[in-house]
Amino acid sequence: MSHAQKGPLYLTNTLTRRKEEFIPLRPPHVGLYVCGPTVYSDVHLGNVRTFTTFDLLYRWLRHLGYTVRYVRNITDVGHLVGDVDEGEDKIAKRARLEQLEPMEIVQKYTNGFHDVMRLFNILPPSIEPTATGHLIEQIEMVKRIIDAGYGYEANGSVYFDVPKFAEKHAYGELSGRRIDELQANTRDTEGMDEKRSPLDFAIWKKADPTHLMKWPSPWGEGFPGWHLECSAMSTKYLGQTFDIHGGGMDLKFPHHECEIAQSVAADGHAPVRYWMHGNMLTVNGRKMAKSEGNGFTPEELITGNHKLLEKGYSAMTVRFFMLQCHYASTLDFSNAALQAAEKGLERLMAAMDVLDKLKPAPAPDAAQDEAVKALAQRCHEAMNDDLNSPVLIAELFEGVRLINSANDGKVLLSAAAISGLQELFRAMVFDVLGLKREAQAAADDKALDGLVQVFIQMRAEAKARKDFATSDRIRDQLAAMGIVLKDTKEGTTWQRA
RNA sequence: GGUCACGUGGCCGAGGGGCUAGGCAGAGGUCUGCAAAACCUCGUACAGCGGUUCGAAUCCGCUCGUGACCUCCA
């Protein structure tokens, strides 16, 4: 299916703050870069939301027929704790606290991150570069920035000269900031005499002799600045100008603003054509963040072992919950909302099971063929309209009603209508939304199923002789063990509660 | 303090000048031995106050409230 046949895709470009038609630089190729995690601690649900957002984008672009090179980095050095380039490296600090090698910290939390991505059915990127694996590229980029006159060395560190850059180029365009306002609002911080302006940021940082993570450079032993990593790696794998750069809202300033400045300084032009930012996950109206103490890990979510959680929720429930909200809006976490999502997802998945077994009506209603096509069209339009997954899901529930009505014999579907629905649901639910059936292992458990079938048989016999006391007792006792029976026209089925 | 968002029915959330999503919860009904599921029907919402307009939840202004960023943050 070619993207050309599916109508234009519109995306909100946060650089222009408008919805724009997406036209790749070199179709059918699309270059996509997303800022990955700094691997110094467990990811929390807020992080998962951003990666889910760009997973949805990645999946939709692929669905449209694009060949996407998706680069999502691992930040394993250079991300500092605390204020204005004076803090300790996050990973080095963690290594000290856990008494491990920095690279053990990196490996440990990278593994954990990958586990979480798998759990939420987030596809792996095409390339997952690490900052420590690209020191040469970063040093080269620092050199280019210095050569262009926008970087200066001070005491073994190299800083980006923001005021000088701002004389000739736009600085603050992405985040809507003005250089004079920034200057007026800068706080005084200690120990920044090395920097000519408080707005300047480190692109190479000198390491003291006790520092574990350091590399030789033309300016002495040190390590790269955080903003520089993304610029160097995106340029290496996607070129000096590429299609889409994504990340969380909170990275807009300073991180992404600095990336733009670095690329313009080093290579002479803006690096990114479409900037996209996912909004935050909030808890009781406040951003989920480790410093707030309101973040929980995926493990806590699933077990329900957290003071904010009334019970555990599955990864797919949470994924569905997130996709029911547009990526650019804040999403507030609550138990009531999660429970609503859990029920809704259950209904969606149940309808897909029904759809698999649906038989064409002997005298189908031809008008329904058109209805199915129109539904598919609306689904595509929703996604093409800035990845409007909540509207897509709303449309899919229209389909759910159609499927269930057909199952009840109230709507007469042709074979073509049924296969159209099957194709639509498979594509949208599994491929695009990235949902999957889960916890089906129980129903697939042959021994358990055999056992339950014995009880279903016994209950059917009791029902046949109108011994409802016995049939109800069987049903109630199974329910108490977490096995729920449902009587349908085709017989009795069971599932775990 | 500066910049920028947002405030939608009981809850979560789309939409965004006239056609008023969807999910969950609730009420009534159909089916069923009963239940469950499913289907049908129902609730008529857009913070407040002004303004623009034939018409505003949607545009503009003000007020109130909330949040994000301005320092590390997905």
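The values are calculated or read from the model by the stated rules, or taken from the named source; none is laboratory data. For clarity, every value in this text was computed on a predicted model and none was experimentally measured. With ideal geometry, Cβ positions are generated from the backbone for all residues, glycine too; neighbour counts draw on all protein chains shown.
Identify the residue in the range A:389-399 that is touching a residue at least 24 places away in the same chain (Cβ under 8 Å) and crowded, with 19+ Cβ neighbours inside 10 Å and, among all such residues, is nearest to RNA strand B (Cβ to nearest atom). Quick ask: steps written out before the conclusion?
If we filter the range A:389-399 for residues that are touching a residue at least 24 places away in the same chain (Cβ under 8 Å), which is where we start, we get A:389-390, A:392-393, A:396-397, A:399.
Then drop every residue that is not crowded, with 19+ Cβ neighbours inside 10 Å, which leaves A:389, A:392-393, A:396, A:399.
Working: A:Ser389: 9, A:Leu392: 9, A:Ile393: 6, A:Leu396: 8, A:Gly399: 10 Å.
Among them, the one singled out is A:Ile393.
Filter the range A:316-330 down to residues that are buried (at least 20 other Cβ atoms within 10 Å of the Cβ) and among the aliphatic types (A, V, I, L, M) and give me whichever is farthest from RNA strand B (Cβ to nearest atom).
A:Met316
Hey, does the range A:290-312 have a residue that's without any contact (Cβ under 8 Å) to a residue 12 or more places away in the chain and of a type in the set (A, V, I, L, M, F, W, C)?
No, there is no match, as no residue in the range A:290-312 is without any contact (Cβ under 8 Å) to a residue 12 or more places away in the chain and of a type in the set (A, V, I, L, M, F, W, C).
Among A:Lys214, A:Lys252, A:Lys195, which is the only one that is assigned by TED's automatic domain parsing to the domain that holds A:Arg94 and within 21 Å of the chain's Cα centre (by Cα)?
Testing whether each residue is assigned by TED's automatic domain parsing to the domain that holds A:Arg94 and within 21 Å of the chain's Cα centre (by Cα) leaves just A:Lys252.
Output yes when any residue across the range A:220-227 is away from RNA strand B (no atom under 16 Å from the Cβ), surrounded by fewer than 18 Cβ atoms within 10 Å (Cβ to Cβ), in the same structural domain as A:Met141 (by TED's automatic domain parsing) and assigned to a strand (DSSP E or B), and no when none is.
First, pick out the residues of the range A:220-227 that are away from RNA strand B (no atom under 16 Å from the Cβ): A:220-222.
Okay, now just the ones that are also surrounded by fewer than 18 Cβ atoms within 10 Å (Cβ to Cβ), so A:220-221.
Checking which are in the same structural domain as A:Met141 (by TED's automatic domain parsing) leaves us with A:220-221.
So of that shortlist, the ones also assigned to a strand (DSSP E or B) come out as none.
No.
Looking at the range A:464-490 only, could you name the residues that are within 39 Å of the chain's Cα centre (by Cα) and of a type in the set (A, V, I, L, M, F, W, C)?
A:Leu478, A:Ala479, A:Ala480, A:Met481, A:Ile483, A:Val484, A:Leu485
Determine if the range A:357-377 includes at least one residue that is of a type in the set (Asp, Glu), more than 6 Å from RNA strand B (Cβ to nearest atom) and farther than 27 Å from A:Leu64 by Cβ.
Looking only at the range A:357-377, we keep the residues that are of a type in the set (Asp, Glu), and these are A:365, A:369-370.
Next, only the ones that are more than 6 Å from RNA strand B (Cβ to nearest atom) stay: A:365, A:369-370.
From the residues that got through so far, the ones that are farther than 27 Å from A:Leu64 by Cβ too are A:365.
Yes, some residue in the range A:357-377 is of a type in the set (Asp, Glu), more than 6 Å from RNA strand B (Cβ to nearest atom) and farther than 27 Å from A:Leu64 by Cβ.
Is the range A:407-422 home to any residue that is in contact with a helix residue (DSSP H, G or I) (Cβ under 8 Å, 6 or more places away or on another chain), farther than 20 Å from A:Asp353 by Cβ, outside any helix (DSSP H, G or I) and modelled with pLDDT of 90 or more?
Going through the range A:407-422, the residues in contact with a helix residue (DSSP H, G or I) (Cβ under 8 Å, 6 or more places away or on another chain) turn out to be A:407, A:411-414, A:416-418, A:420-422.
Restricting the remaining residues to those that are farther than 20 Å from A:Asp353 by Cβ gives A:412, A:414, A:416.
The next check asks that each one be outside any helix (DSSP H, G or I); those that pass are A:412, A:414.
Filter once more, keeping what is modelled with pLDDT of 90 or more: A:412, A:414.
Scanning the range A:407-422, I find at least one residue that is in contact with a helix residue (DSSP H, G or I) (Cβ under 8 Å, 6 or more places away or on another chain), farther than 20 Å from A:Asp353 by Cβ, outside any helix (DSSP H, G or I) and modelled with pLDDT of 90 or more, so the answer is yes.
Tell me, yes or no, whether the range A:110-119 has at least one residue that is part of a loop (DSSP other than H, G, I, E, B) and buried (at least 21 other Cβ atoms within 10 Å of the Cβ).
Within the range A:110-119 (the criterion being part of a loop (DSSP other than H, G, I, E, B) and buried (at least 21 other Cβ atoms within 10 Å of the Cβ)), the answer is no, since none of the residues qualifies.
Listed here are the residues, each with its yes/no results for (1) farther than 17 Å from A:Leu32 by Cα; (2) part of a helix (DSSP H, G or I); (3) touching a residue at least 40 places away in the same chain (Cβ under 8 Å).
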{"site": "A:Ala184", "(1), (2), (3)": "yes, yes, no"}
{"site": "A:Leu199", "(1), (2), (3)": "yes, no, no"}
{"site": "A:Ser217", "(1), (2), (3)": "yes, no, yes"}
{"site": "A:Thr235", "(1), (2), (3)": "no, yes, yes"}
{"site": "A:Phe253", "(1), (2), (3)": "yes, yes, yes"}
{"site": "A:His256", "(1), (2), (3)": "no, yes, yes"}
{"site": "A:Ser263", "(1), (2), (3)": "no, yes, no"}
{"site": "A:Ala266", "(1), (2), (3)": "yes, yes, yes"}
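Rundown of residues vs (1) part of a helix (DSSP H, G or I); (2) within 16 Å of RNA strand B (Cβ to nearest atom); (3) surrounded by fewer than 23 Cβ atoms within 10 Å (Cβ to Cβ), yes/no style:
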{"site": "A:Pro8", "(1), (2), (3)": "no, yes, yes"}
{"site": "A:Thr12", "(1), (2), (3)": "no, yes, yes"}
{"site": "A:Glu20", "(1), (2), (3)": "no, yes, yes"}
{"site": "A:Ile23", "(1), (2), (3)": "no, no, yes"}
{"site": "A:Val48", "(1), (2), (3)": "yes, yes, no"}
{"site": "A:Phe51", "(1), (2), (3)": "yes, yes, no"}
{"site": "A:Arg59", "(1), (2), (3)": "yes, no, yes"}
{"site": "A:Gly65", "(1), (2), (3)": "no, no, yes"}
{"site": "A:Tyr70", "(1), (2), (3)": "no, yes, no"}
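State whether the residues of the range A:271-292 include one that is part of a helix (DSSP H, G or I), in contact with a helix residue (DSSP H, G or I) (Cβ under 9 Å, 6 or more places away or on another chain) and within 30 Å of A:Gly31 (Cβ to Cβ).
The answer is no, given that none of the residues of the range A:271-292 is part of a helix (DSSP H, G or I), in contact with a helix residue (DSSP H, G or I) (Cβ under 9 Å, 6 or more places away or on another chain) and within 30 Å of A:Gly31 (Cβ to Cβ).
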